[in-house]
1. Here is a list: Leu83, Leu19. Which entry is open to solvent by less than 50 Å² (accessible area, probe 1.4 Å), under 27 Å from Thr175 (Cα atoms) and either among the acidic types (Asp, Glu) or in a helix (DSSP H, G or I) (or both)?
2. Do the conditions hold for Ala110, that is, is it surrounded by 15 or more Cβ atoms within 10 Å (Cβ to Cβ) and at pLDDT below 85?
3. Answer with yes or no whether Ala52 is closer than 20 Å to Thr117 by Cα and exposed (fewer than 14 other Cβ atoms within 10 Å of the Cβ).
4. How many residues, within region 30-48, are small (Gly, Ala, Ser) and over 22 Å from Ala103 (Cα atoms)?
5. Mind listing whichever residues of region 22-48 are over 18 Å from Asn115 (Cβ atoms) and part of a helix (DSSP H, G or I)?
6. If you go through region 113-128, how many residues are acidic (Asp, Glu) and outside any helix (DSSP H, G or I)?
7. Can you report the number of residues in region 136-156 which are free of Cβ contacts under 8 Å to residues at least 24 places away in the same chain and open to solvent by 30 Å² or more (accessible area, probe 1.4 Å)?
8. I'm trying to understand the selection: among the residues of region 159-171, which are part of a helix (DSSP H, G or I), crowded, with 18+ Cβ neighbours inside 10 Å and in contact with a helix residue (DSSP H, G or I) (Cβ under 6 Å, 6 or more places away or on another chain)?
Amino acid sequence: MASTRLSPDSWINAGFHALVAQGSSALKAEALARGLKTTKGSFYWHFKDVPAFHEAMLRHWEDTSLHALDVALHSEGTPVQRLRHFAQADPRAANGLATHGTALEPAIRAWAHENATAAEAVARVDARRMEALDHLLAEIDLSNPELSRILYGARLGMAEMSGRDGVDNENALGTLVDLILALYG
């Protein structure tokens, strides 16, 4: 095995690939080093231990997700256009997470069921996204908090479906926004 010195981002990227392909049990230094054809020393050069690596992965996912949210919220257009953009925006679009496929967010959420640190990161992202949805709907004079939960739940469910079948659900989410606006607008 050749000893290759990799960047922290290389390890984090490998971690996301392993999480999607094999689940959270694959997020160990030795298994990742084998996959990268390097030694564990490279891993420990960048991360104090495996929990620190997990925290770095989650921080990257959270930062990327919140950046994508900010892009959607501050895009040009009317509140209705921004709502559609938010509903249809791919949270992986920034910082190279799109290379992990549509299964990344469901994999992070599955990890959160068994890992408190992952659960905290998911809770922070969910809270910010729900807050953003509430704000966008209020701008359109739709203040029913159930609408935010319906839209966000549909977005999460569509991500899960896309992760399983690879079908892009952008148009379906846009249709849901249109239906809500037609019913309540």
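The values are calculated or read from the model by the stated rules, or taken from the named source; none is laboratory data. No experiment lies behind these values; they were computed from the predicted model shown. Cβ sites come from the backbone with ideal geometry, for glycine too, and all protein chains shown count toward neighbours. What goes into the accessible areas is simple: the full protein's heavy atoms, side chains included, and nothing from ligands, DNA or RNA. Shrake-Rupley method; radii C 1.70, N 1.55, O 1.52, S 1.80 Å.
1. Of Leu83, Leu19, the one residue that is open to solvent by less than 50 Å² (accessible area, probe 1.4 Å), under 27 Å from Thr175 (Cα atoms) and either among the acidic types (Asp, Glu) or in a helix (DSSP H, G or I) (or both) is Leu83.
2. Details: surrounded by 15 or more Cβ atoms within 10 Å (Cβ to Cβ): yes; at pLDDT below 85: no.
Spelling it out, it is not the case that Ala110 is surrounded by 15 or more Cβ atoms within 10 Å (Cβ to Cβ) and at pLDDT below 85.
3. Against the criterion (closer than 20 Å to Thr117 by Cα and exposed (fewer than 14 other Cβ atoms within 10 Å of the Cβ)), Ala52 qualifies.
4. Residues in region 30-48 being small (Gly, Ala, Ser) and over 22 Å from Ala103 (Cα atoms): 3 in total.
5. The initial filter retains those residues of region 22-48 that are over 18 Å from Asn115 (Cβ atoms), namely 30, 33-46.
Those that are over 18 Å from Asn115 (Cβ atoms) and part of a helix (DSSP H, G or I): Glu30, Ala33, Arg34, Gly35, Leu36, Lys40, Gly41, Ser42, Phe43, Tyr44, Trp45, His46.
6. Total meeting the criteria: 1.
7. 7
8. Kept after step one, since they are part of a helix (DSSP H, G or I), are these residues of region 159-171: 159-165, 170-171.
With the extra rule that they be crowded, with 18+ Cβ neighbours inside 10 Å, the set shrinks to 159, 162-163.
Selection gives Ala159, Gly163.
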